[in-house]
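Engineer: Take this structure first; my questions come after.
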Amino acid sequence: MNRQQIWISLITLTLFAVVPPLTVLFDQPFYLDMFARIMILAIAAVSLDLILGHGGMVSFGHAVYMGIGAYAVGILSYYGIDNGFIQFPLAMLASALIGLIFGAMSLRTSGVYFIMITLAFAQMLFFLAISLEEFGGDDGMSAARSEFAGLIDMYDGVQFYYLIFACLALVLYLLHRLVLSRFGMVIRASRSNEKRMHAIGYPTYRYKLAAFTIAGTICGLAGALFANLNEFVSPDVMHWTHSGEIMVMVIMGGIGTLIGPVLGASAFLLLEEYLPEWMEMVMTNGGEHWAIVMGPILIAIVLFGRGGIHALFASRGKIGVKQND
Amino acid sequence: MTEAALRIEGLCKSFGSLVATDDLHLDIAPGEIHAIIGPNGAGKTTLIAQLSGELRSDRGRVSFAGRDITSMSMPARSALGLARSFQVTSIFQDFSALDNVALAVQAQAGHSFHFWRPAQKDPRLQDPAREALARIGLGDRGDVPAANLSHGEQRQLEIAMALATRPSLLLLDEPMAGMGRDESRHMVDLLQGLKGDHTIVLIEHDMDAVFALADRITVLVYGRAIATGAPAQIRADRAVRAAYLGTESSTDIGDA
């Protein structure tokens, strides 16, 4: 991450930080919810960027870890365990474990096979969730918000918002350190030229697996927050289209930049929210066909905006070459 | 007689009906530059791939410094001190030249499960990497992205990366490939300078370079070693002349 990326990160985080006072000022509580959602998906997208952007692992089932985090909270809450200090670590542990198992098998393959096998594993858990009648099957289940021994009131929108904000900022900082560390160098170089990595003595599998597990763990955190936000958990969270959306956020924002996917998540969710309204203004029932506009926007970004939204803010000419500052 | 640095016994590899390595026996002596030459398709690169662990051998045994490494993975062989360069330049294009070498240094500096401290500010990686770059003649090119280096410089970087893993044995697959005259001469000097510190197995089509550098030469034809000996011996060998040097114009035995 270069200096520019750090600046973009700080500015973005500052903007997120001033959302609550503004929503109070203008009495628009809806936006608090909106931006809380954006930040949660941003955490998921950033975690995918670690393996997709930096590690070159095109995981097409990333939403499954959000699902596991969400279900961990939902199921614990179902059994009367509302303590967040138990829920959150367990949610992350469960996602880490599943990430480790799925990763261990998926990373034996590469390329298209890797994409397909990660998708297949995700679908497996999706259908498992549907079959769990005890936990609502495909209707899902409600989940009470976590309790943090009176320290944080999750039903207070602003407190909850800043908890998510803190998680996002922490995840960004930790991954920023990680990407530049020895470990980060290894996974980035493995994306660049894995055969060369083997030749100079790296057993790359174990490093990629560790990265895959870390990404799953962080995405599990996003899932736990997501269950809290919605007070509801359903298999939809891990539907493959949701995995696809997270991937689109990463690509839209700029892969391999960490902060890019945060911008991507913001753009994606804001477009998803407002594009139908705008289209309704232009034509009757236009709102239903918002995807007609969304699709070309995505294609345009992929075709013309290599480097994503992030590249619009970062100076030209440096894109494509990894910054090593 | 000292123990061979690398001992190849009865090594075989075929791809379908094509025999790439055919019951090859070869001892590489410690400290020597051992060139392996042969016409296109003789199985030279296949041999390097087998020796480095990239390809699994069908039969036979490879021992390195007395240890059987036949079924070892590439990273494990590298850890023992066996390094290779690639015929087609294989570097980390989007990393700086210095980072390419620093990665090679890091590979030998214990495990890389360090998540916190920035690797690019670690003198334990940067200093040896700078040293290796300087030794190879790229001392002032460290900050240049590897993709922006000239072809010759990238070939040098290949060697620098191999050297940075502190190997005792180097497997060099056509280090002069695609180089101009001056660049080749520079590379010959460079390899000459490595002599003594490293045992080198050299595959090369540039016969001037081979005869200038090699202590011994093995001629490979259809995966078989038809002759092994000192350069003068090889020049005089009937079978070799017939199979390979027969044209007399030894320099035009170039790879396409």
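Engineer: Counting just the residues of the range B:161-195 that are closer than 16 Å to A:ALA199 by Cα and either of a type in the set (Gly, Ala, Ser) or in a helix (DSSP H, G or I) (or both), which one comes out most open to solvent (accessible area, probe 1.4 Å)?
Structural biologist: By that ranking, first place goes to B:SER168.
Engineer: Could you look through the range B:123-141, keep only residues that are within 14 Å of chain A (Cβ to nearest Cβ) and open to solvent by less than 10 Å² (accessible area, probe 1.4 Å), and pick out the one that is farthest from A:ARG188 (Cα to Cα)?
Structural biologist: B:ALA129
Engineer: Within the range A:22-34, is even one residue open to solvent by 40 Å² or more (accessible area, probe 1.4 Å), under 27 Å from A:ALA149 (Cβ atoms) and within 20 Å of the chain's Cα centre (by Cα)?
Structural biologist: yes
Engineer: Among the numbered conditions (1) closer than 17 Å to A:ARG37 by Cα; (2) within 13 Å of chain B (Cβ to nearest Cβ), tell me where A:VAL186 comes up short.
Structural biologist: (1)
Engineer: Let me ask another. A:GLY184: closer than 28 Å to A:LEU52 by Cβ, surrounded by 16 or more Cβ atoms within 10 Å (Cβ to Cβ) and either among the basic types (Lys, Arg) or more than 20 Å from the chain's Cα centre (by Cα) (or both), yes or no?
Structural biologist: no
Engineer: Further, regarding this structure: For the range A:268-296: of the residues being in contact (Cβ under 8 Å) with a residue 24 or more places away in the chain and open to solvent by 50 Å² or more (accessible area, probe 1.4 Å), which is farthest from the chain's Cα centre (by Cα)?
Structural biologist: Across the range A:268-296, the extreme among qualifying residues is A:GLU273.
Engineer: With more than 9 Å from chain A (Cβ to nearest Cβ), surrounded by fewer than 18 Cβ atoms within 10 Å (Cβ to Cβ), of a type in the set (Gly, Ala, Ser) and under 22 Å from B:GLU3 (Cβ atoms) as the only criterion, which of B:GLY41, B:GLY81, B:GLY110, B:GLY60 stands out?
Structural biologist: B:GLY60
Residues checked against (1) in contact (Cβ under 8 Å) with a residue 60 or more places away in the chain; (2) out of contact with any Ser or Thr (no Cβ under 7 Å at 6 or more places or on another chain); (3) surrounded by fewer than 20 Cβ atoms within 10 Å (Cβ to Cβ); (4) under 26 Å from A:SER142 (Cβ atoms):
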| position | (1), (2), (3), (4) |
| --- | --- |
| A:ARG3 | yes, yes, yes, no |
| A:VAL18 | no, yes, yes, no |
| A:SER59 | yes, no, no, no |
| A:LEU76 | no, yes, no, yes |
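Engineer: Would the range B:55-66 turn up any residue that is in a strand (DSSP E or B), of a type in the set (D, E, K, R) and in contact (Cβ under 8 Å) with a residue 12 or more places away in the chain?
Structural biologist: Yes, that holds for at least one residue.
Engineer: Taking A:GLY307 as the residue in question, decide whether it is within 23 Å of A:LEU52 (Cβ to Cβ) and either among the β-branched types (Val, Ile, Thr) or surrounded by 15 or more Cβ atoms within 10 Å (Cβ to Cβ) (or both).
Structural biologist: yes
Engineer: Now for a separate question. Can you find, within the range A:193-209, the residue that is surrounded by the most Cβ atoms within 10 Å (Cβ to Cβ) among those that are touching a residue at least 12 places away in the same chain (Cβ under 8 Å) and within 7 Å of another protein chain (Cβ to nearest Cβ)?
Structural biologist: Restricting to residues being touching a residue at least 12 places away in the same chain (Cβ under 8 Å) and within 7 Å of another protein chain (Cβ to nearest Cβ), the top hit is A:TYR202.
Engineer: Answer yes if at least one residue in the range A:225-237 is in a helix (DSSP H, G or I), open to solvent by 30 Å² or more (accessible area, probe 1.4 Å) and within 13 Å of chain B (Cβ to nearest Cβ), and no otherwise.
Structural biologist: no
Engineer: Identify, from the list B:LEU18, B:LEU55, B:LEU11, the residue that is in contact with a helix residue (DSSP H, G or I) (Cβ under 7 Å, 6 or more places away or on another chain), open to solvent by 40 Å² or more (accessible area, probe 1.4 Å) and either modelled with pLDDT under 95 or aliphatic (A, V, I, L, M) (or both).
Structural biologist: B:LEU55
Engineer: A:GLY111 is checked against (1) modelled with pLDDT under 95; (2) open to solvent by less than 30 Å² (accessible area, probe 1.4 Å) and fails just one. What number does that condition carry?
Structural biologist: (2)
Engineer: Return only the number of the condition from (1) within 25 Å of A:ARG191 (Cα to Cα); (2) surrounded by fewer than 18 Cβ atoms within 10 Å (Cβ to Cβ) that A:LEU48 does not satisfy.
Structural biologist: Just one mismatch for A:LEU48, condition (2).
Engineer: In the set A:ILE8, A:ILE38, which member is buried (at least 22 other Cβ atoms within 10 Å of the Cβ) and modelled with pLDDT under 95?
Structural biologist: Matching residue, one of A:ILE8, A:ILE38: A:ILE8.
Engineer: When you go through (1) within 14 Å of A:ILE214 (Cα to Cα); (2) open to solvent by less than 40 Å² (accessible area, probe 1.4 Å) one by one for A:ALA70, which number turns out not to apply?
Structural biologist: (1)
Engineer: Sticking with this structure for a sec: For the range A:127-150, enumerate the residues that are open to solvent by less than 20 Å² (accessible area, probe 1.4 Å) and at positive phi.
Structural biologist: Correct list: A:GLY137, A:GLY140.
The values are calculated or read from the model by the stated rules, or taken from the named source; none is laboratory data. Keep in mind the model is a prediction, meaning the values are calculated, not measured. In this analysis, Cβ positions are derived from the backbone assuming ideal geometry, glycine residues included, and neighbour counts consider all displayed protein chains. Side chains are part of the model used for accessible areas, which takes the heavy atoms of the whole protein and leaves out ligands, DNA and RNA. Shrake-Rupley method; radii C 1.70, N 1.55, O 1.52, S 1.80 Å.
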